[in-house]
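This report concerns only the one structure given below.
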Amino acid sequence: MDRNKTILVTGTAGFIGHQLVKALWKDGYHIVGVDSINNYYDIKLKLARLEDSGIETENLKWNEPVKSKINQFYTFIRMDLSDRKSVENLFGQFTFTHVVHLAAQPGVRYSLENPHAYISANIDAFMNILEGCRHRKVPTLIYASSSSVYGDSSTVPFTESQEVSNPVSLYAATKKANELMAHTYSHLYGIQTIGLRFFTVYGPWGRPDMAPMLFAKAITEDKPIQVFNNGDMARDFTFVEDIVNGIRLLVLAEGYTEPYSILNIGRGAPVDLMQFIRVMEETIGKKAQLIFREMQPGDVHQTWADVGKLKKITNYEPNTSVQEGIASFIDWYNKFYKINS
């Protein structure tokens, strides 16, 4: 264990960030987590994630550190990362060896209705993080990009060398902009930046706006599911623990010194949407009521990651099957919503 290293993880009231904190503290790091706890979806779930990591949420105040009750080496701060002064103060208060920037405004469809939220959360906030890393000489920045930058490419599996100059949503455009900004800062200031193009992540503590949670809720409550492109879709569904382990391995990969990297992180195998629904039906023990729809603007037909580069660097092995992953997810879902209903 190396208590001499302090890692900033942003988005720690979020799906992946919450679970990454718990994985990293097992490795012995000091961790500072930040999140704005915005109301993009029900903040009760975000607060429950924080409580699960030992953060008392009843009297959270902006920009005031709170120590975890269950791990003395984890500190949480509620913060708006688009607030330049707050981020400057954060980097002045702690000496970070790594920054893992997961905080963002997610969602392709939401970006059609609320474009300004994406500029503030995904561009302004990332600029502040880059400046913090620059001025405080943080060696390594790992940040969340997205498979959405590939657009509706028909060339599969997606490889990091593919052309990605034609995003089909504002969300994707902001993520591509992050990659360009990171490249500039790596070149100018010698910061190691690693952009992770996440594919479809699911599992316990998942976001309620994503398909797995929507499907589980609808099937459990005997309500219909909207299935887009008439069910002719495929996603590289990746279990959250595999994703978290991939990030963790990058933090641990001290011998990896490439100044600027873009890496896919997914399971490396597409799953037909209808197959995913069938496995969920079998796990829940109920049939889904399906309403087939046309493709939504900004959506893509299929995603499929080539994860060879990440495997070569870290020996990353995303080996959780869809059956195992859905079983774990539904077990958590039933327990969480039984307690919180």
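Ranking request for peptides 94-100, 193-199, 223-229: highest mean number of other beta-carbon atoms within 10 Å first, then the rest in descending order.
Answer by packing, highest mean first, reads 193-199, 94-100, 223-229.
If packing is taken as the average count of other Cβ atoms within 10 Å, what order do 281-293, 318-330 fall into, highest mean first?
318-330, 281-293
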Check your understanding: Considering the Cα trace of the chain, what is its radius of gyration and what is Dmax, both in angstroms?
Key -> 19.2, 56
Check your understanding: About the Cα centre of segment 191-314, what is the dipole size in debye to 20, counting +1 per Lys and Arg Cβ and -1 per Asp and Glu Cβ, all else neutral?
Key -> 100 debye
Point to revise | Charge dipole (debye, nearest 20) of the chain; +1 at Cβ of Lys and Arg, -1 at Cβ of Asp and Glu | key: 640 debye
Revision key, fill the gap. Residue by residue through segment 78-88, the couplings from Karplus 6.51 cos²θ - 1.76 cosθ + 1.60 with θ = phi - 60°, in Hz, x for Gly and Pro, are 6, 8, 9, 6, 7, 8, 4, 5, 4, 5, 4
Check your understanding: Under a plain spin-label model, where a point goes 7 Å from the Cα along Cα-to-Cβ, how far apart in nm are MET274 and HIS301?
Key -> 1.6 nm
Exercise for review: Kindly count the pairs of lysines across segment 183-317 whose alpha carbons are less than 17 Å apart, treating pairs on different chains or eight or more residues apart as eligible.
Suggested key: 4
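Counting DSSP beta bridges with both partners in the chain, what percentage is antiparallel, nearest 5?
The antiparallel proportion sits near 10 percent.
What ranking do 31-39, 6-14 get when scored by the average of other Cβ atoms within 10 Å per residue, highest first?
Per-residue Cβ counts within 10 Å, averaged per peptide and sorted highest first, yield 6-14, 31-39.
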Revision key, fill the gap. Computed, not fitted: 222 nm per-residue ellipticity of the chain from DSSP H runs ≥ 4 (each -39500 (n - 2.57)), nearest 500, equal to -12000 deg cm²/dmol
Check your understanding: Which ³J(HN,Hα) values in Hz, rounded to whole numbers, follow from the phi angles of segment 132-147 under the Karplus curve 6.51 cos²θ - 1.76 cosθ + 1.60, where θ = phi - 60° and Gly and Pro get x?
Key -> x, 5, 5, 6, 9, 6, 6, x, 9, 10, 10, 9, 8, 9, 7, 5
Practice item. List, in order, the whole-Hz ³J(HN,Hα) value for each residue of segment 60-68 obtained from phi through the Karplus relation with A = 6.51, B = -1.76, C = 1.60 and θ = phi - 60°; use x for Gly and Pro. Key: 5, 10, 4, 6, 10, x, 10, 7, 5
Point to revise | Residue (of ILE219, ALA253, MET233) at the positive-pole extreme of segment 212-294, dipole from beta-carbon charges | key: ILE219
Practice item. Could you check what % of the DSSP bridge pairs in segment 199-308 are antiparallel, to the nearest 5? Key: 20 percent
Check your understanding: Principal axis lengths of segment 1-90 from Cα atoms, whole Å, largest first?
Key -> 36, 28, 22
Exercise for review: Work out the length of the dipole vector of segment 274-337 about its Cα centre, built from +1 on the beta-carbon of each Lys and Arg and -1 on the beta-carbon of each Asp and Glu, and round it to the nearest 20 debye.
Suggested key: 60 debye
Practice item. Can you check what the net charge comes to around LEU263, using other residues whose Cβ is under 13 Å from the Cβ of LEU263 (Lys, Arg +1; Asp, Glu -1)? Key: 0
Check your understanding: Which FRET efficiency value, to the nearest 0.05, is calculated for ASN39 and THR155 with the Förster distance at 25 angstrom and r the Cβ-Cβ distance?
Key -> 0.10
Review point. Under a plain spin-label model, where a point goes 7 Å from the Cα along Cα-to-Cβ, how far apart in nm are LEU112 and PHE336?
Key: 2.6 nm
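Laboratory data are not the source of any read-out in this text; all were calculated from the coordinates shown. Keep in mind it's a predicted model, so treat the numbers as computed, not measured. All Cβ positions, glycine included, derive from the backbone under ideal geometry; neighbour counts span all protein chains shown.
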